[in-house]
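Notes follow once the structure below has been shown.
Each reported figure results from applying straightforward, stated rules to the coordinates on display, with no laboratory input. Bear in mind that the values here come from a model prediction, so they are computed numbers and not experimental data. With ideal geometry, Cβ positions are generated from the backbone for all residues, glycine too; neighbour counts draw on all protein chains shown.
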Amino acid sequence: MWNTNDLYDELEEQLAVMPPIYHSFGGKRCFSGEVETVRCFEDNSRVKEAMASAGNGRVLVVDGGASLRCALIGDMIAESGMSNGWSGILVHGCCRDVHELQRMNFGVRALASTPRKSVRKGQGEAGIEIEIDGISIKPGMWLYADETGIVIAPHQVA
């Protein structure tokens, strides 16, 4: 079994370390997978679409612009992602329905939680290069998250 400490010690130069600002809200505390990306701002249309597609063990990384005004994922979208084989989600923004998320075997990392849901207007982009906290993240990279932190690798390393 991998852990982010060992991955970092072994592959320091190859990994990007996400800042320690993301909280674990899902019942699955450790998760990893190939990255798929979404960029959206206060509209979770693309997040919902992604989670409704076949995940094949992937992790959705969402650049939500660090908005704390509304949630980009809640229990229903997480349930869809879990049912469709996604390993987890990293949201540079908020989640909601924390009590339900904690009972799911699904990885959820986000900046914070809020009861306010987003409004769906069909906006946002998927499958593109995004930048979060100065880290460039592209589809096909790999994310590893555990109790210590989150690292992004250019390819599968564990």
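Things to note:
- When each of the peptides 28-38, 95-105, 114-124 is scored by how many other beta carbons lie within 10 Å of its residues on average, the order from highest to lowest is 28-38, 95-105, 114-124.
- Amide H contacts under 5 Å for Ala71: Arg116, Lys117, Ser118, restricted to partners 5 or more places along the chain or on a different chain, H placed in the peptide plane at 1.01 Å from N.
- Highest-MSF residue in the chain out of Gly134, Gly65, Gly93 [GNM, Cα springs under 10 Å]: Gly134
- Structure-derived Cα Rg over 2.2 N^0.38 Å - corresponding label in (i) 0.93; (ii) 1.16; (iii) 1.28: (i)
- Computed from label points 7 Å out along Cα-Cβ, the spacing between Val157 and Asp9 is 1.4 nm.
- Centroid-to-centroid separation of the range 3-75 and the range 105-158 [C-alpha atoms, Å]: 2 Å
- Charged-residue dipole, Cβ positions (Lys, Arg, Asp, Glu), the range 20-153 about Cα centre, Debye nearest 20: 320 debye
- Which of Thr37, Ala50, Ala71, positive extreme of dipole for the range 8-158 (C-beta unit charges): Ala71
- Global form of the range 1-73, assessed from the alpha-carbon gyration tensor, a/c cut-off 1.5: prolate
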